[in-house]
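Asks: I'd like to ask you about the structure that follows.
The values are calculated or read from the model by the stated rules, or taken from the named source; none is laboratory data. Please read all numbers here as calculations on a predicted model, not as lab measurements. A quick note on method: Cβ atoms are made from the backbone with ideal geometry, for glycine too, and the neighbour counts reach across all protein chains shown. Just so you know, the surface numbers come from the protein's heavy atoms only, side chains and all, with ligands and any DNA or RNA stripped out. Shrake-Rupley method; radii C 1.70, N 1.55, O 1.52, S 1.80 Å.
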Amino acid sequence: MPARLMQGDEACAEGALAGGCRFFAGYPITPATEIAEILARRLPQVGGKFIQMEDEIASMAAVIGASIGGAKAMTATSGPGFSLMQENIGYAAMAEIPCVIVDVQRLGPSTGRPTSPSQGDVMQARWGTHGDHPIIALSPSSVRETLDLTVQAFNFSERYRTPVILLMDEVVGHMRERVELPRAETIKRVERPVTTVPPEWYKPYEDSVSDVPPLVPFGEGYRYHVTGLHHDERGCPTDHLEKIQAWSDRVFRKIDSSLSDIILYEEDGIADANVLVIAYGATARSAWHAVKLARERGGKIGFLKLKTIWPFAEEVVEHAAARLHHVVVPEMNRGQLVLEVERVVARNKVHRVNRTDGEMVHPGDILAAIEERIL
Amino acid sequence: MRAQRTESRVHGRYLRHSKEFPNIWCAGCGIGIVLAAIIRAVDGLQLDKNEVAMLSGIGCTGRMPVYVDFNTMHTTHGRALAFATGLKMVRPEMKVLVVMGDGDALAIGGNHFIHAARRNIGLTAIVVNNATYGMTGGQSSPTTPTGVRTATAPYGHIEQPFPVAELAVTAGAAFVARSTVFHVRELEQYLSQAISKEGFAVVEVMSYCHTTLGRLNRWGTPAEMMRRLRDDSLTLKRAESLSEAEKQGKIVRGVFVDRDLPEYTQLYERVIERAQAERV
């Protein structure tokens, strides 16, 4: 396929189609609106459905409804809309309904400064909805990576029956880059596991060997109940403590036992490094530039780019930082993912570089932080 | 007696026997009457259970779907119509019934209610109007009559109630009717008409909560409150001949609108045809 000049939001829309998305519900909000506009045009071309809902709460609800109907479904929003979606994201986690939520982060809190970039929703992606629940969140740092991770988000959501959050940022969403598009046949798509049992034996929440019981769409002869209440294996509400605990244990186990599949990252020059830089999203671009500048000046700098930010890449970070004394973590927030790095590495080794005025973290600031540790 | 036995056999065919009964509703509650009427309407229309979905929000009425052997989903508070919109979009052939209480449909879910009506999407919205939040103990709801005492209006409710059926007509629904849990045959007929309708259909069912509102206002026993639904209601036809003063405080029953409007998912099929034609 030829190369194209493509915007990050456009790559997200094309990645969604390539990943099998056939339903989108959304509400206009900068800097995510382009995703809705493109899918309003593109989805019906492939027999998919698009609907503009009355708000983000309804959008998230419609996505879950479409998913239980059997369609791979997505919504896209930014901070204020992401806040409104949280209750229903929790419903998707509780009822284990696959879906993808794109949050193109902008500077907050509240209306903030529309529409400057930010990475302020990292913790919200993890804990935005109430109650203990597992979640997967991916964060791309380029246009091509946006396309790939959108496909991956659908694959993870279907494979693990979970909401997956694609945490973009305004820089990546609005940036245009030359992109070599992957050939359609090279794109791996994961389909929802199908059941082999007859309807009378089917348990949509069975504590099965894989921890991910198959989800049969509504309308296919398997009549069952779905609820946001704690439920038994058939989906009916339960007050039995052991069943509630079993659900909680299973949904965390299904993610925790598959970290080698879920944790995506890239690393460079870590083996002989003195300083490690850990970054994600648009900030990874500044960080990589700073790493190259520092290396030109003779520094031995390791670089770790996290593409999966939730669940946090504990073992990867622990291993990468094991023999190092300095880890630099730049973020376009006041320090969110760095809390995880500090937890894993030890606080006195971790150095923060933060910016919360709506501008990107500049390579020079990261370079200064690196050089302070070497000299 | 024979009719009664036949009806309970019909109900039995649709109830979910794996679910532990009795249900969670208070003795004498009208929600069970609504559920039974829905079952008889579905049975009368000879619908395939696999092709029927029932969704609900949160509250006493929200607990209805779990008891019935359809594709059932108990969603979040106020959002059942939005969940149902997504399902109906990808499964347009399904009959999607959405059961809600008045707080669910018109307070927290009021926005979704008017927009589902405006879109005229083919859902059947059944609003069980008990004029209060029953599950949380009788607080004021958007349909609580002015002057009534509630747990959060101990000196009397000072707001005016939403007229649910009239609101649905104005918002654009294709079919709107109102009945009560006393008028069971009429209710069943309206439900049957609503479920058969292609567009957005609303049935408002009056069913005052005797456990909370009834006790707070000394409205008497469940049986007395049931009689009140009979005595305080009149048909739309009868209401037309009365003055506003004479209609004051009365429940007007009947079909408020039954009109042919283009249904949303069918319109979207045309969108798909246009998109694919332009692409070629």
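Asks: Count the lysine pairs in chain A whose Cα atoms sit under 17 Å apart, keeping only pairs 8 or more residues apart in sequence or on different chains.
Replies: For chain A, qualifying lysine pairs total 8.
Asks: Would you mind estimating how fast region B:2-279 diffuses translationally, via Stokes-Einstein at 37 °C and 0.692 mPa s with the Kirkwood radius over Cα pairs, in µm²/s?
Replies: Rounded to a whole number, D works out at 172 µm²/s.
Asks: Let me ask something else about it. Is it possible to state the helix-based mean residue ellipticity at 222 nm for chain A, with each DSSP H run of 4+ residues giving -39500 (n - 2.57), the sum divided by total residues, to the nearest 500 deg cm²/dmol? What is it?
Replies: -11500 deg cm²/dmol
Asks: How big a patch of accessible area, both sides summed and in Å² to the nearest 100, lies buried between B and A at a 1.4 Å probe?
Replies: Details: alone 13890 and 15840 Å², together 26200 Å².
Heavy-atom accessible area buried at this interface is about 3500 Å².
Asks: Run the numbers on region A:56-85: which residues show a drop of 30 Å² or more in accessible area, chain on its own versus all protein chains together, using a 1.4 Å probe over heavy atoms?
Replies: When all protein chains are present, A:Ile57, A:Ala61, A:Gly65, A:Gly69 each give up 30 Å² or more of accessible surface.
Asks: Whole-Hz Karplus ³J(HN,Hα) for region B:105-112, in order, using 6.51 cos²θ - 1.76 cosθ + 1.60 and θ = phi - 60°, x for Gly and Pro?
Replies: Per-residue couplings from phi come out as 7, 10, 9, 5, x, x, 4, 5 Hz.
Asks: With every protein chain left in place, what is the accessible area per residue of region B:2-279 in square angstrom, probe 1.4 Å?
Replies: Per residue, region B:2-279 has an accessible area of 42 Å².
Asks: What angle do you read, to the nearest 10 degrees and between 0 and 90, between the alpha-carbon axis of helix A:8-18 and the longest principal axis of chain A?
Replies: For helix A:8-18, the angle is close to 40 degrees.
Asks: Provide the solvent-accessible area of B:Asp43, counting protein heavy atoms only and rolling a 1.4 Å probe, rounded to the nearest 10 Å².
Replies: Accessible area, nearest 10 Å²: 40 Å².
Asks: Residues of region B:65-79 losing 40 Å² or more of accessible surface, assembly versus chain alone, probe 1.4 Å, please list them.
Replies: So the qualifying set is B:Val66, B:Asn71, B:Thr72, B:Met73, B:His74, B:Thr76, B:Arg79.
Asks: Cα axis of helix A:79-95 to longest principal axis of chain A: angle in degrees, 0 to 90, nearest 10?
Replies: That works out to roughly 50 degrees.
Asks: How many Å² of accessible area per residue for region A:266-374, probe 1.4 Å?
Replies: Values: 4740 Å² over 109 residues.
Ligands and nucleic acids excluded, the figure is 43 Å² per residue.
Asks: Let me ask something additional. Extent of region A:146-268 along each principal axis, from alpha carbon coordinates, in Å, largest to smallest?
Replies: Largest to smallest, the principal-axis extents are 54, 30, 25 Å.
Asks: Here's a follow-up. Which loop chymotrypsin sites (Phe, Trp or Tyr not before Pro) in region B:139-204, with loop taken from DSSP, have no more than 16 other Cβ atoms within 10 angstrom of their Cβ?
Replies: When the chymotrypsin sites (Phe, Trp or Tyr not before Pro) of region B:139-204 are filtered for loop state and at most 16 Cβ neighbours within 10 Å, B:Tyr155 remain.
Asks: Still on this structure, I have one more. By how many degrees, 0 to 90 and rounded to 10, does the Cα axis of helix A:363-374 deviate from the longest principal axis of chain A?
Replies: 70 degrees
Asks: In region B:188-247, how does Rg compare with the Kirkwood Rh, expressed as the Rg/Rh ratio over alpha carbon atoms?
Replies: Looking at region B:188-247, the ratio lands at 1.08.
Asks: Moving to a separate point now. Per residue, how many Å² of accessible area does region A:3-186 show with a 1.4 Å probe?
Replies: Accessible area per residue, region A:3-186: 26 Å².
Asks: Extent of region B:37-96 along each principal axis, from alpha carbon coordinates, in Å, largest to smallest?
Replies: 31, 27, 14
Asks: Where the accessible area of region A:58-151 is counted over protein heavy atoms with a 1.4 Å probe, how much of it, in %, is carbon and sulfur?
Replies: Of all accessible area on region A:58-151, carbon and sulfur atoms account for 53 percent.
Asks: Let me ask something else about it. Report relative contact order for chain A in percent, whole number only (criteria: Cα-Cα under 8 Å, sequence separation at least 6).
Replies: Relative contact order comes out at 16 percent.
Asks: Give me the one-decimal Kirkwood hydrodynamic radius in Å for region A:200-243, with the sum taken over alpha-carbon pairs.
Replies: So the Kirkwood estimate lands at 11.2 Å.
Asks: Could you compute the longest span of chain B free of GluC sites (Glu not before Pro) located in DSSP loops and having at most 16 other Cβ atoms within 10 Å, not counting the site residues?
Replies: Longest run free of exposed loop sites: B:199-280.
Asks: OK, next. If you average over every viewing direction, what projected area does the convex hull of the Cα atoms of chain A give, in nm²?
Replies: Numbers: hull surface 76.7 nm².
Projected over every direction and averaged, the Cα hull of chain A covers 19.2 nm².
Asks: Another one. What whole-number value in cubic angstrom gives the convex hull volume per residue for the C-alpha atoms of region A:3-186?
Replies: Working: hull volume 18.0 nm³, N = 184.
Here the figure is 98 Å³ per residue.
Asks: Follow-up. Give me Rg/Rg_expected for region A:315-375, where Rg uses Cα atoms only and Rg_expected = 2.2 N^0.38 Å with N residues. Mind dumping the intermediate values first?
Replies: Details: Rg = 11.8 Å, N = 61, 2.2 N^0.38 = 10.5 Å.
In units of the globular-protein estimate, region A:315-375 measures up at 1.12.
Asks: Please state, as a whole number in µm²/s, the translational diffusion coefficient that the Stokes-Einstein equation yields for the protein assembly as shown at 20 °C and 1.002 mPa s, with Rh defined as the Kirkwood radius across alpha carbon pairs.
Replies: For these conditions, the coefficient is 81 µm²/s.
Asks: Check which residues have an amide H placed less than 5 Å from A:Thr227's amide H, if you skip close sequence neighbours.
Replies: The list, which skips near neighbours in sequence, is B:His74.
Asks: Ok, one more. Summarise the accessible area of chain B (1.4 Å probe, protein heavy atoms) by the percent that is carbon and sulfur.
Replies: Of all accessible area on chain B, carbon and sulfur atoms account for 52 percent.
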